[in-house]
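> Next up is a structure, given as structure tokens.
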Amino acid sequence: MADTTTTEAGGAAFEAAPGGNAAAGANVAAATGDSGDRPVKIIGIVCNWCSYAGADTAGVGRFRQPANVRLVRVPCTGRIDPLFALKAFEKGADGVLISGCHPGDCHYSEGNYYARRKFELLERLIHHLGIPKERFKWTWVSASEGQRWQKVVTDFVAGVEKLGPREGRAL
Amino acid sequence: MSRQDHIREFAAKALTEGRVDYFIGWKQGHNASEVVPAFVKEAAAVDQLVWNELCHHNLVTFLKRNMPDPAGAKIGVCVKGCDSRTLVALLQEELIDRDRLYVVGVPCDGIIDRRRLEKEFADEIVAVSCSDGRVSVATRKGNEKEFAKEEVLLDACTRCRYPNAVYADDVAGPPVPEPDRDGAKPDWSDVAGYESLSDDEKQATLEKVYSACVRCFACIHVCPVCVCWDKCVNRSRQPELVEQKVGTKQKLLFQMIHMFHVAGRCPSCGACDRACPVEIPLYLLHRKMNKEIYDMFGFEPGTKLDEKPVFQLFDVNDRFGD
């Protein structure tokens, strides 16, 4: 499995955060320095209409952000099964970030209303599994909020880097 | 008239009148101390039905999608309080057809944990009898012991809030006293021990407990509210969501899938826990989930027929997230 390899962006599912490349070198080095062996890997699951576009806006705006996040684009946060986050942890992700349209702005009107109930339960149960709070986050970022995306990613990555990579865990 | 007589009478009547094709209840197993599910097809055979403190099986399992045989069968079924909640959960989502069911609610005083009894003896238990809150157990080699019933109850029964069936067409005998549900919130003290562990201790505990899982699917097959069992993602090989590897990660993911997929439907009846051949405390996992659901929505799964499970609904005024 791809547990210990730092994959190049490019698989069908994982894409580098748009615009993140400029900061990549510095950040990888920093992460390596802190945690000893490898930079942290974070799976971001984002909806096509808001947060993916928001990440794009951040890239177009050339906002500096860590390159540790691999984005998985889904049609809507309502599509996200709690299993996706658990699967990411099982596969060796150090953190999972879920983001979608703000409530009320869903492209499909109500997908994120259903989703946030699931995410709330997911978050509570992920902590129950002994995965620290800092390793899982769900939030809302709209297509125009490039700066908010930058802040969310920067803060989240900093939190995960503080804990370092996850090794030899039950899940 | 005992509850057992009521069950037999209701079953005989329904079968004679042709209201049901068969009736599901409990009967004595091969072993004198064990009760197993019974499928009664003729009124003449209703005398095999029993009701006692060993009737732990949740018979709603046999009603779930694609299970009834033949497909259009009219079925009579016995339910305890906890079983009826799983039945209501299925009815809420229209996963079974209410018109094809005849439900006999059995007021329940609590079911004995047979596994707990077995651990008290070195040899095989041959007889279990219960009267006046005392449980007498005899083994093949002649050992006898008596227990207070509270000591050997199932975990699910010690904190029971619904001893009477929530939904039933007929009730076998007078209902047992209901606990004060409006005044008292559910008691979640059974999960407090695990909750107080640190993250690392939790991971270590999970590693220890779940490494025993053999992924036999007993928990999933026996779960009355795990309804897509014939197309389960746990079995899917294309795409392969749960690998065939036998690591703890895969085992834990397997259990988490089951848990999340019954969220809002599972009333923690404990059927999975009792079916588990390696005694993983699945009951506690599902209790924890229900605790969080109760905390979020004040919702108890499967208690009201006219309600929808919380994850099938939304409220624009929900206050979750930032």
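> Does B:Asp182 satisfy the condition of being surrounded by fewer than 15 Cβ atoms within 10 Å (Cβ to Cβ) and modelled with pLDDT under 95?
Values: surrounded by fewer than 15 Cβ atoms within 10 Å (Cβ to Cβ): yes; modelled with pLDDT under 95: yes.
Here the answer is yes, as B:Asp182 does meet what is asked.
> Is at least one residue of the range B:291-306 polar (S, T, N, Q), within 13 Å of another protein chain (Cβ to nearest Cβ) and surrounded by fewer than 20 Cβ atoms within 10 Å (Cβ to Cβ)? Full working, then the answer.
So in the range B:291-306, the residues polar (S, T, N, Q) come out as B:303.
Add one more test, that the residue is within 13 Å of another protein chain (Cβ to nearest Cβ), and what stays is none.
Looking through the range B:291-306, none of the residues is polar (S, T, N, Q), within 13 Å of another protein chain (Cβ to nearest Cβ) and surrounded by fewer than 20 Cβ atoms within 10 Å (Cβ to Cβ).
A quick yes/no check of all residues on (1) within 13 Å of chain A (Cβ to nearest Cβ); (2) exposed (fewer than 15 other Cβ atoms within 10 Å of the Cβ); (3) aromatic (Phe, Trp, Tyr):
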| residue | (1), (2), (3) |
| --- | --- |
| B:Ala168 | no, no, no |
| B:Gln238 | no, yes, no |
| B:Leu252 | yes, no, no |
| B:Val262 | yes, no, no |
| B:Gly270 | no, no, no |
| B:Pro277 | no, yes, no |
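> Would you check if there is a residue in the range B:31-38 being touching a strand residue (DSSP E or B) at 6+ places or on another chain (Cβ under 7 Å), in contact (Cβ under 8 Å) with a residue 40 or more places away in the chain and not aliphatic (A, V, I, L, M)? Quick ask: steps written out before the conclusion?
The first filter runs over the range B:31-38 and keeps only residues touching a strand residue (DSSP E or B) at 6+ places or on another chain (Cβ under 7 Å), leaving B:32-33, B:35-38.
If we keep only those that are in contact (Cβ under 8 Å) with a residue 40 or more places away in the chain too, we end up with B:32-33.
Filter once more, so that each one left must be not aliphatic (A, V, I, L, M): B:33.
Yes, the conditions are met somewhere in the range B:31-38.
> Another question, if that's okay. Would you mind stating whether A:Arg73 is surrounded by fewer than 23 Cβ atoms within 10 Å (Cβ to Cβ), basic (Lys, Arg) and more than 27 Å from B:Leu253 (Cα to Cα)? Break it down into steps so the answer makes sense when it comes.
Working: surrounded by fewer than 23 Cβ atoms within 10 Å (Cβ to Cβ): yes; basic (Lys, Arg): yes; more than 27 Å from B:Leu253 (Cα to Cα): no.
No.
> So is A:Ser99 hydroxyl-bearing (Ser, Thr, Tyr) and either at pLDDT 95 or above or touching a Lys or Arg at 6+ places or on another chain (Cβ under 9 Å) (or both) or not? Let's see the steps before the verdict.
Details: hydroxyl-bearing (Ser, Thr, Tyr): yes; either at pLDDT 95 or above or touching a Lys or Arg at 6+ places or on another chain (Cβ under 9 Å) (or both): yes.
When the stated conditions are applied, A:Ser99 passes them.
> Can I ask one more? When you check B:Arg181 against the structure, is it in a loop (DSSP other than H, G, I, E, B), assigned by TED's automatic domain parsing to the domain that holds B:Lys249 and in contact with a helix residue (DSSP H, G or I) (Cβ under 8 Å, 6 or more places away or on another chain), yes or no? Let's see the steps before the verdict.
Working: in a loop (DSSP other than H, G, I, E, B): yes; assigned by TED's automatic domain parsing to the domain that holds B:Lys249: yes; in contact with a helix residue (DSSP H, G or I) (Cβ under 8 Å, 6 or more places away or on another chain): no.
For B:Arg181, the condition - in a loop (DSSP other than H, G, I, E, B), assigned by TED's automatic domain parsing to the domain that holds B:Lys249 and in contact with a helix residue (DSSP H, G or I) (Cβ under 8 Å, 6 or more places away or on another chain) - is not met.
> So which residues in the range A:134-171 are in contact with a His (Cβ under 8 Å, 6 or more places away or on another chain) and facing chain B (nearest Cβ under 9 Å)?
Hit for the range A:134-171 is A:Trp140, nothing else.
> So which of B:Phe62, B:Phe39 ends up being in a helix (DSSP H, G or I) and out of contact with any Cys (no Cβ under 9 Å at 6 or more places or on another chain)? Full working, then the answer.
On the way: B:Phe39 fails: in a helix (DSSP H, G or I).
From the options B:Phe62, B:Phe39, the qualifying one is B:Phe62.
> Additional query: State yes or no: is B:Asp200 acidic (Asp, Glu) and part of a helix (DSSP H, G or I)?
Considered against the rule, which asks whether it is acidic (Asp, Glu) and part of a helix (DSSP H, G or I), B:Asp200 comes out as yes.
> Mind checking which strands (runs of 3 or more DSSP E) fall wholly inside the range A:36-133 and carry at least 1 residues that are of a type in the set (Ser, Thr, Tyr)?
Values: elements: A:42-47, A:69-74, A:95-100.
Passing ranges, in order: A:95-100.
> Only one of (1) surrounded by fewer than 15 Cβ atoms within 10 Å (Cβ to Cβ); (2) hydrophobic (A, V, I, L, M, F, W, C); (3) away from every other protein chain (no Cβ under 14 Å); (4) over 30 Å from B:Ser33 (Cβ atoms) is not met by B:Ala192, so which one is it?
Checking B:Ala192 against (1) surrounded by fewer than 15 Cβ atoms within 10 Å (Cβ to Cβ); (2) hydrophobic (A, V, I, L, M, F, W, C); (3) away from every other protein chain (no Cβ under 14 Å); (4) over 30 Å from B:Ser33 (Cβ atoms), the one that fails is (3).
> Can you find even one residue in the range B:265-273 that is of a type in the set (A, V, I, L, M) and closer than 25 Å to B:Cys55 by Cα? Before you say what the answer is, go through the steps one by one.
First pass over the range B:265-273, keeping only residues of a type in the set (A, V, I, L, M): B:271.
Okay, now just the ones that are also closer than 25 Å to B:Cys55 by Cα, so B:271.
Yes, there is a match, as at least one residue in the range B:265-273 is of a type in the set (A, V, I, L, M) and closer than 25 Å to B:Cys55 by Cα.
The values are calculated or read from the model by the stated rules, or taken from the named source; none is laboratory data. These numbers come from a predicted model, not from an experiment. Ideal geometry is used to build each Cβ from the backbone, glycine not excepted, and the neighbour counts take in all protein chains shown.
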